[in-house]
């Protein structure tokens, strides 16, 4: 908790310093350079600020901090997903500099994403300096990200839910407590320094006719979901076009600056953060036609700024675009139904939340931000309606969010985190149990049972009568106690437990864990549900662990296969094979193997670590190997992974889906 408080303090200070940097660059560029030094040039001088800022950003990011390009949330997600929460500590300095140069000079971007990255880098760096575990590094990273949102919006609750909903993607009491503390401290620090003035001035709104307006807000949410995907695709389409230009990367942000400045000549509201235009829309000002035009121009300007390699966030532009959309929608319904609808400002407020939820796929965060900014409970019902609709429409149109789309294109897929209990609920006892190897008759002497159990890995035997019905269970403890009595006349019937706990094969492993909890036994007899005394297998504690690990591995494999599928042809297969004991390849280096043609070993997972295979890489039993092969080579490569003693129908653990 002390560490989380310290991270919240640093993040609050960082957020205040970051905003001061943006304001300073804005003052230098517009108040001094344009209004004083270049006053005689006329209106064309407006193009110079984003152009000059873009040139400075290009130089800075090319020679000093290439990681500072683009938005701020994606690197945080990538660190959590692929690098155990470890972030480059230099981002604490380089990201605010690059973003201040971009946004302060008129580039269209937000400050929220970068401050999230700054806070996350503070949390990650602090945790690593204290040598915390990987899980705690991720938690401290999320705490810093929460502090960034909280300090920026003066919205501690929204900061908490953003960290849990977007960064960690897992809710539990421990995560919640730690993140809350960091968020509260960051907010308090920010308020003490710059005051308690709200980031946006949003007036309270009232519904005129609940029954009539709620469907309208749902429609607004649906439109926001479509616009959010259009914004996301515009952003990455523009990025692709810039990468194809035969121009040095250093100059790309400057080229974008020229274009953004040109757009700014037509409408200056799209430059920088655009807070003035945003507050006008939220107050109910603006014509429908103008608001829609500004919406389109803001999407174009943001796509140019971020897509060219400029530094800035997409969270702020999402709020801006949503407000323009909502204001235009509200103005339209006001004209059609003047006596039954609220002001366009109410719809602008709701549109802000809806479009944010559609782009970030974070409905709880979107609702909480609006609630904390407005302190208006009356608007929550419309906000929830629009946010849910926007999220559903966005999910239907794209599996990725605006934060994860770029990562997916680079092979990093951000999956929803599932709690262990969710996995255990989906697995059945029949998925994990093994045949009962040791079965003895009631009259079997204790000496023979001892010999029988000597080869059993969990030292348990089932006592079964002539009818095949379970009469009891014998463990190694029972056998040892009986042998200590030195009575050779003792039999299985004398020493077995006659009322053993059992479980059915169609029960979940979550149920099985409940049976094992607080008990000393290591295995459970599995009996048929319609014949409760007939055993069909044994479920060991280790079986549950192995089944859970395999399920998690299968889930990860599905994600990897999904990433590769677009690149694979119809004749290519993606396999994940396990090296079996006594297989042809076990114990051999890859260079020693006679692999079929058109077979490539992509990765080897050994002892929990994934390595890139080389010729000298030695494969051992239990290794899981990722293989890409043509359809004709699948049977051959599978046979190489099988045990020499296994039958022709035996198959190694694999995923073979095109």
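The values are calculated or read from the model by the stated rules, or taken from the named source; none is laboratory data. As the structure is a computational prediction, the values presented were derived from the model and not from experiment. Methodologically, a virtual Cβ is constructed for each residue, glycine included, from the backbone with ideal geometry; neighbour enumeration extends over all protein chains shown.
For the condition in a helix (DSSP H, G or I), farther than 28 Å from residue 328 by Cβ and touching a residue at least 12 places away in the same chain (Cβ under 8 Å), what is the one hit in 158, 151, 218? Walk me through how you get there before you give the answer.
Working: 158 fails: farther than 28 Å from residue 328 by Cβ; 218 fails: farther than 28 Å from residue 328 by Cβ.
That would be 151, the only listed residue that is in a helix (DSSP H, G or I), farther than 28 Å from residue 328 by Cβ and touching a residue at least 12 places away in the same chain (Cβ under 8 Å).
Matching residues to (1) crowded, with 24+ Cβ neighbours inside 10 Å; (2) over 22 Å from residue 20 (Cα atoms):
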{"position": "55", "(1), (2)": "no, no"}
{"position": "82", "(1), (2)": "no, yes"}
{"position": "87", "(1), (2)": "yes, yes"}
{"position": "134", "(1), (2)": "no, yes"}
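Within region 549-563, is even one residue under 29 Å from residue 82 (Cα atoms) and either assigned to a loop (DSSP other than H, G, I, E, B) or modelled with pLDDT of 80 or more (or both)? No, because not a single residue in region 549-563 is under 29 Å from residue 82 (Cα atoms) and either assigned to a loop (DSSP other than H, G, I, E, B) or modelled with pLDDT of 80 or more (or both). For region 495-510, how many residues meet the condition of being modelled with pLDDT of 80 or more and surrounded by 13 or more Cβ atoms within 10 Å (Cβ to Cβ)? The number of residues fulfilling the criteria is 7. Listed by first and then second residue, the pairs linking a residue in region 179-190 that is over 14 Å from residue 14 (Cβ atoms) to a residue that is modelled with pLDDT of 90 or more and surrounded by fewer than 24 Cβ atoms within 10 Å (Cβ to Cβ), with Cβ atoms under 7 Å apart and 6 or more places separating them unless they lie on different chains, are 181/5. Among the residues making up region 281-290, those that are touching a residue at least 60 places away in the same chain (Cβ under 8 Å) and not in a loop (DSSP other than H, G, I, E, B) are 281, 282.
Sort out for me the helices (runs of 4 or more DSSP H) sitting completely within region 1-116 that have 1 or more residues that are touching a helix residue (DSSP H, G or I) at 6+ places or on another chain (Cβ under 7 Å) and within 30 Å of residue 173 (Cα to Cα).
2-26, 73-82, 91-104
Residues of region 606-623 that are in contact (Cβ under 8 Å) with a residue 24 or more places away in the chain and surrounded by 11 or more Cβ atoms within 10 Å (Cβ to Cβ): 614, 617, 618, 619, 620, 621, 622, 623.
To keep it simple, each residue is scored yes or no on (1) crowded, with 24+ Cβ neighbours inside 10 Å; (2) at pLDDT below 90; (3) touching a strand residue (DSSP E or B) at 6+ places or on another chain (Cβ under 6 Å).
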| position | (1), (2), (3) |
| --- | --- |
| 256 | yes, no, no |
| 260 | yes, no, no |
| 272 | yes, yes, no |
| 284 | no, yes, no |
| 288 | no, yes, no |
| 303 | yes, no, no |
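Residues that are touching a helix residue (DSSP H, G or I) at 6+ places or on another chain (Cβ under 6 Å) and not in a helix (DSSP H, G or I) were ranked within region 325-360; the one that is farthest from residue 278 (Cα to Cα) is 340.
Table: residues versus (1) in the same structural domain as residue 169 (by TED's automatic domain parsing); (2) in contact with a strand residue (DSSP E or B) (Cβ under 7 Å, 6 or more places away or on another chain); (3) surrounded by fewer than 17 Cβ atoms within 10 Å (Cβ to Cβ); (4) at pLDDT 80 or above.
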{"position": "419", "(1), (2), (3), (4)": "no, no, yes, no"}
{"position": "453", "(1), (2), (3), (4)": "no, yes, no, no"}
{"position": "457", "(1), (2), (3), (4)": "no, no, yes, no"}
{"position": "473", "(1), (2), (3), (4)": "no, yes, no, yes"}
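Would you check if there is a residue in region 117-129 being buried (at least 24 other Cβ atoms within 10 Å of the Cβ), under 30 Å from residue 261 (Cβ atoms), assigned by TED's automatic domain parsing to the domain that holds residue 32 and at pLDDT 90 or above? Show your work before the answer.
First, pick out the residues of region 117-129 that are buried (at least 24 other Cβ atoms within 10 Å of the Cβ): 117-124, 127.
Checking the rest, the ones that are also under 30 Å from residue 261 (Cβ atoms) come to 117-118.
Within this subset, residues satisfying the condition of being assigned by TED's automatic domain parsing to the domain that holds residue 32 are 117-118.
Narrowing further to those that are at pLDDT 90 or above: 117-118.
Taking every residue of region 117-129 in turn, at least one turns out to be buried (at least 24 other Cβ atoms within 10 Å of the Cβ), under 30 Å from residue 261 (Cβ atoms), assigned by TED's automatic domain parsing to the domain that holds residue 32 and at pLDDT 90 or above.
Suppose we filter region 581-590 for residues that are part of a loop (DSSP other than H, G, I, E, B), farther than 11 Å from residue 620 by Cβ and touching a strand residue (DSSP E or B) at 6+ places or on another chain (Cβ under 8 Å); how many remain?
Restricting attention to region 581-590, the residues satisfying the condition of being part of a loop (DSSP other than H, G, I, E, B) are 581-582, 584-588.
Subsequent filtering for residues that are farther than 11 Å from residue 620 by Cβ retains 582, 584.
In the following step, the residues that additionally are touching a strand residue (DSSP E or B) at 6+ places or on another chain (Cβ under 8 Å) were identified as 582.
Matching residues across region 581-590 total 1.
Residues are listed down the side, and each one gets a yes or a no for (1) modelled with pLDDT under 80; (2) assigned to a strand (DSSP E or B); (3) outside the structural domain of residue 522 (by TED's automatic domain parsing); (4) under 30 Å from residue 83 (Cβ atoms):
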site	(1), (2), (3), (4)
393	no, no, yes, no
400	no, no, yes, yes
403	no, no, yes, yes
443	no, no, no, no
449	yes, no, no, no
463	no, yes, no, no
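Rundown of residues vs (1) assigned to a helix (DSSP H, G or I); (2) closer than 13 Å to residue 47 by Cα; (3) in the same structural domain as residue 320 (by TED's automatic domain parsing); (4) over 33 Å from the mean Cα position of the chain (by Cα), yes/no style:
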residue	(1), (2), (3), (4)
241	yes, no, yes, no
247	no, no, yes, yes
254	yes, yes, yes, no
258	yes, yes, yes, yes
273	no, no, yes, no
279	yes, no, yes, no
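Would you call residue 620 in a loop (DSSP other than H, G, I, E, B), closer than 26 Å to residue 546 by Cβ, modelled with pLDDT of 75 or more and touching a helix residue (DSSP H, G or I) at 6+ places or on another chain (Cβ under 7 Å)? No: the conditions fail for residue 620.
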